């Protein structure tokens with residue numbers, strides 16, 4: 001078996017951006033009470049949207065699921081949101097919140113609206129913006145209402161947004177609006193999932209209204225096929241989320257296994273390895289036990305050992321969506337030539353563990369990153385290990 005056949009524990013899978021067609025907003029088929037609990041039959045008859053992404057990424061959120069429904073009647077737009085949250089009920093925990101954005105102006109005027117609602121029931125807005133955040137105007141209208149309710153492992157919200165807020169006629173066939181729903185989780189959310197967004201956004205900036213998705217008005221109540229069609233659209237996303245959860249769990253098991261194993265790159269107890277690696281990717285040249293880490297071109301890290309070391313595992317870890325690298329190669333020098341360990345073009349994980357089928361003596365290791373641009377601190381975690389006893 002050649003080095004090109006080394007295994008990747010994370011089982012990297014392609015993560016293309018999914019083709020989100022927008023949302024079909026049907027007329028409410030019955031009364032709803034804006035009490036934060038969207039459990040009426042009128043809500044349940046509507047299609048459900050989900051598949052939230054991390055900003056600046058095609059990575060699906062997997063630790064906290066978010067879904068929503070939108071409807072209308074003659075006077076208002078209605079929004080119902082469910083937010084999975086395992087920390088509901090913990091003392092002192094702020095549950096985060098949601099922000100709903102609407103642009104009614106599709107002719108280039110750049111007018112859009114924002115309303116925010118937190119898990120504790122507090123909120124802000126509605127606010128009208130013109131082109132950018134500095135040009136803002138608080139809005140109000142009779143009938144505007146919001147509510148939040150706490151449940152087991154989740155919190156939910158309902159909003160009633162009168163059309164009078166928008167200074168525009170309601171959306172209609174041939175003239176849709178653009179919308180986005182974003183969510184912010186409690187501080188310390190796992191793997192960069194503090195902020196997630198329904199519409200793909202190029203960075204952590206919600207006011208880029210050109211990236212919002214169509215809200216497609218439907219004059220009648222939702223037919224049964226609408227809900228089944230939406231479920232069919234979500235099914236592959238749910239499958240991708242389940243697969244991502246499985247691969248993340250495999251990585252976590254490996255990280256626990258590596259916790260007691262010396263890091264052959266930086267194993268001096270004098271300075272934490274994490275800090276030294278972070279320094280190295282800022283461009284500093286570090287000499288530590290004969291190891292060199294340097295930066296140049298697409299090569300982020302080159303490690304040279306004074307004598308060959310036996311290794312079978314390489315860990316690469318990124319801190320969040322703005323740092324995660326999707327495309328890279330990993331090579332080792334086995335004393336005869338550089339050998340390709342891994343060539344990855346579609347990484348969707350923040351921690352990747354490359355596992356060799358057997359230990360091998362290496363004298364140098366080279367990591368080339370191809371989509372990091374000018375990002376600093378791009379590799380806060382980096383390790384090479386010899387793991388006795390094999391897999392966890």
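Values in this text are rule-based calculations from the coordinates and carry no lab data. What you see is a predicted model; the values in this text were computed from it and never measured. Every residue, glycine as well, gets a Cβ built from its backbone with ideal geometry; the counts of neighbours run over all protein chains shown.
Structural remarks
- Kirkwood analysis of the Cα pair distances in region 119-213 returns a hydrodynamic radius of 15.8 Å.
- Look at 83, 248 and count the other Cβ atoms within 10 Å of each Cβ; fewest to most, that gives 248, 83.
- Dimensionless Rg/Rh of region 40-146 - Kirkwood Rh, Rg from C-alpha atoms: 0.98
- The spread of Cα positions in region 17-241, taken along each principal axis and listed from longest to shortest, comes to 43, 42, 34 Å.
- Only alpha carbons enter this Debye calculation for region 150-259, each as an equal point scatterer, and the log10 of I(q)/I(0) it gives at q = 0.12, 0.18 Å⁻¹ is -0.70, -1.36.
- Sorted by Cβ neighbour density within 10 Å, fewest at the top, the residues 98, 325: 325, 98
- Here each label is just a point 7 Å from Cα along the line to Cβ, and for residue 345 and residue 363 those points are 3.3 nm apart.
- Per-pair calculated FRET efficiency, R0 = 30 Å: residue 207 and residue 145 via Cβ, rounded to 0.05: 0.75
- Available extension along the chain between residue 252 and residue 239 is 2.7 nm, counting 0.36 nm per residue and deducting the alpha carbon span.
- Our estimate of slack between residue 39 and residue 168, defined as 0.36 nm per intervening residue step minus the Cα-Cα distance, is 43.5 nm.
- Between the beta carbons of residue 109 and residue 152, assuming R0 = 51 Å, the FRET efficiency works out to 0.70 to the nearest 0.05.
- Once the Cα-Cα distance is subtracted from the 0.36 nm per residue extended length, the residue 226 to residue 337 segment shows a gain of 34.1 nm.
- Exposure proxy for 265, 88: other Cβ atoms within 10 Å of each Cβ, ordered fewest to most, give 88, 265.
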